[in-house]
1. Just to be sure, is residue 36 touching a residue at least 60 places away in the same chain (Cβ under 8 Å), within 25 Å of residue 101 (Cβ to Cβ) and not in a helix (DSSP H, G or I)?
2. Regarding the range 21-32, can at least one residue be identified that is assigned to a helix (DSSP H, G or I) and under 16 Å from residue 117 (Cα atoms)?
3. With touching a residue at least 12 places away in the same chain (Cβ under 8 Å), at negative phi and loosely packed, with under 15 Cβ neighbours inside 10 Å as the only criterion, which of 57, 108, 50 stands out?
4. Give the number of residues within the range 8-38 that are of a type in the set (S, T, N, Q) and at pLDDT 85 or above.
5. If residue 74 passes every condition in (1) modelled with pLDDT under 85; (2) among the hydrophobic types (A, V, I, L, M, F, W, C); (3) in contact with a helix residue (DSSP H, G or I) (Cβ under 9 Å, 6 or more places away or on another chain) but one, which one does it miss?
6. Scan 5, 46, 82, 58 and give me the residue that is out of contact with any Cys (no Cβ under 8 Å at 6 or more places or on another chain), among the aliphatic types (A, V, I, L, M), part of a loop (DSSP other than H, G, I, E, B) and at pLDDT 90 or above.
7. For the range 85-181, which helices (runs of 4 or more DSSP H) that fit wholly inside it have 1 or more residues that are modelled with pLDDT of 80 or more, within 41 Å of the chain's Cα centre (by Cα) and closer than 28 Å to residue 67 by Cβ?
8. Based on what the data block shows, is residue 79 crowded, with 16+ Cβ neighbours inside 10 Å and closer than 22 Å to residue 117 by Cα?
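The values are calculated or read from the model by the stated rules, or taken from the named source; none is laboratory data. The shown structure was predicted, so the numbers you read here are calculated from the model rather than taken from an experiment. So basically every Cβ, Gly included, is an ideal-geometry build from the backbone, and we count neighbours across all protein chains shown.
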Amino acid sequence: MTTPLRPSMDQTGLNLIRIVIGSYFLALSLDLVSGLDAATLFAALLPHATADLIGSTLLFCLSAALMAGLQLRLCALSLALLVFCSSLVQNLIIVTPDSLSAFWRDLTLATAVLLTYLTLGPGALRRASVLAHRARLRRAMAQRAINPRRITPQTVQKRPVQQEIRSALAASTLSRRPASHEDDAENIFANI
């Protein structure tokens, strides 16, 4: 018989998905792939070089923390908000079909980032960190008190055939035993 497949995914699979999503944003912050420009969010307040440095650094730090699973809920929310707001400023000021598809891509990636922690329960959220996870001893709660009892071995009854053989051997050794010439010497093999 085969066991039915569970509809859920293991923690390792969720960690791998989170690492792949985070690696895209990490490559985006290092300008290895084209896509979102995080500098557009800060371009109105700062010079372009400074805005690019701050946007790339923030995107890099948040994506690295997301990949490592450190403060997963806070990092995922912050990264999703950064991606959404940057894409909104970059693509929806002047709406064209190309900018709408880029916004749609960024919105999909932002929701994927949110899904990295929304599917986890409280216990799994604590174990989600790749770097800071430590195995902890968990106690199993007993339904009722357990009282130990002493186990005593039961005496094994010998089979009747064995008893007959032993009694016959004992009778034959007693009848064939020669008279001892030395009464004061003790035979250490007599009980065998």
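1. Yes; evaluated as a whole, the condition is true for this residue.
2. Step one: filter the range 21-32 for residues assigned to a helix (DSSP H, G or I), giving 21-29.
Cutting the leftovers down to under 16 Å from residue 117 (Cα atoms) gives us 21-22.
Yes, the range 21-32 contains at least one residue that is assigned to a helix (DSSP H, G or I) and under 16 Å from residue 117 (Cα atoms).
3. On inspection, the qualifying residue turns out to be 57.
4. Total meeting the criteria: 3.
5. All conditions pass for residue 74, except number (1).
6. Among 5, 46, 82, 58, only 46 is out of contact with any Cys (no Cβ under 8 Å at 6 or more places or on another chain), among the aliphatic types (A, V, I, L, M), part of a loop (DSSP other than H, G, I, E, B) and at pLDDT 90 or above.
7. The qualifying helices (runs of 4 or more DSSP H) are 97-118.
8. So residue 79 fits the description; yes.
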